[in-house]
């Protein structure tokens, strides 16, 4: 069956990226990426082979900038501390755009969105790039006094969707390496809370994998799937399979008796939201959503059937009422002859007010 192939694909991906591999190799096996530490020792990150990395230090922060060889794509991550206590993400984004526009007169903001507390603002824009190439980009401004995290990405407009998974992968795997200063700043920001929590290695019940888990977090891992979350479930990461079944087209066969979620086929992100609501979460809003044609093509070649793949940023309230934001890669496919289908979600989530602060630790711990 088609979804058995998907389940096998999930198991293979889990094996490839499992901490057993990390334990043996010392770093994740990203075959098309190089791991590098910046010359100033401030950042560790994975970058596509051949891409360039530069850094810059400010009196109150650090910037890392990753570009492709043609200078037509980039991803950046900026950490600032001791920012103006009166600053929120809206004013911060506005002043930043004003300053950048002086250097880039062709910069044209297309849209912007902010959370109600004005602590997160996302800005989408276009500008004229090298040889008058139309460029498209997005920046996210995240404020958590006294710190701020700004991450962004840009690519040629006609390749923006194609390059998005690569750019988000770069951002999600950037780590600030000055651990002592980072932890000190975290403690100053909020009591004794650390941005990068102490990690411990935990084995699955059936010993199929080992994962690095933040101290005090709960882990469920078996049969090629893993879900790990903080005690209040406001932060965590997931790699699992969700099964569905559509209405049977076979005479006298009642598919409603199959113990799966009963739904006709829907796109992967929509199916993820349907499944999430079954666990008690609510108020789901898709902040950003993109098709992932490369992953869909690879899945289709592996299963010899159609596979859909999407990437999305979703806000919601978890079942305990905590506002969260999650970043997810989801693959899925239409029902097989038995009308069974499913999705494989891979991603992480964190409290809405602290999503930017969790970014350096969540992807690296999964």
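Things to note:
- Applying a threshold of 7 Å to beta carbon distances and a minimum spacing of six or more residues, or different chains, the list of pairs starting in segment 94-110 at a residue that is in the same structural domain as residue 134 (by TED's automatic domain parsing) and ending at one that is part of a loop (DSSP other than H, G, I, E, B) reads 100/107; 101/107.
- As a summary of the residue check, residue 76 satisfies the conditions (1) modelled with pLDDT of 90 or more; (2) farther than 19 Å from residue 127 by Cβ except for the one numbered (2).
- Matching residues in segment 48-61 - criterion: being at pLDDT 90 or above and either assigned to a strand (DSSP E or B) or in contact with a strand residue (DSSP E or B) (Cβ under 8 Å, 6 or more places away or on another chain) (or both): 48, 49, 51, 52, 53, 54, 55
- Filtering segment 146-161 to residues that are at pLDDT 90 or above and surrounded by fewer than 20 Cβ atoms within 10 Å (Cβ to Cβ) leaves 156, 157, 158, 159.
- One residue stands out among those in segment 305-330 that are outside any strand (DSSP E or B) and touching a helix residue (DSSP H, G or I) at 6+ places or on another chain (Cβ under 7 Å): the one that is modelled with the lowest pLDDT, which is 305.
- Hits in segment 100-111 - residues which are in a strand (DSSP E or B) and farther than 9 Å from residue 127 by Cβ: 109, 110, 111
- The set of residues from segment 282-304 being part of a loop (DSSP other than H, G, I, E, B) and under 19 Å from the mean Cα position of the chain (by Cα) comprises just one member, 292.
- Count of segment 244-279 residues, restricted to those that are under 28 Å from residue 352 (Cα atoms) and either at pLDDT 90 or above or crowded, with 16+ Cβ neighbours inside 10 Å (or both), is 12.
- Yes/no for residue 97 being surrounded by fewer than 19 Cβ atoms within 10 Å (Cβ to Cβ), in a helix (DSSP H, G or I) and touching a strand residue (DSSP E or B) at 6+ places or on another chain (Cβ under 7 Å): yes
The values are calculated or read from the model by the stated rules, or taken from the named source; none is laboratory data. Not measured: the values here are computed from a predicted model. Cβ coordinates were reconstructed from backbone atoms using ideal geometry, including for glycine residues, and neighbour counts include every protein chain displayed.
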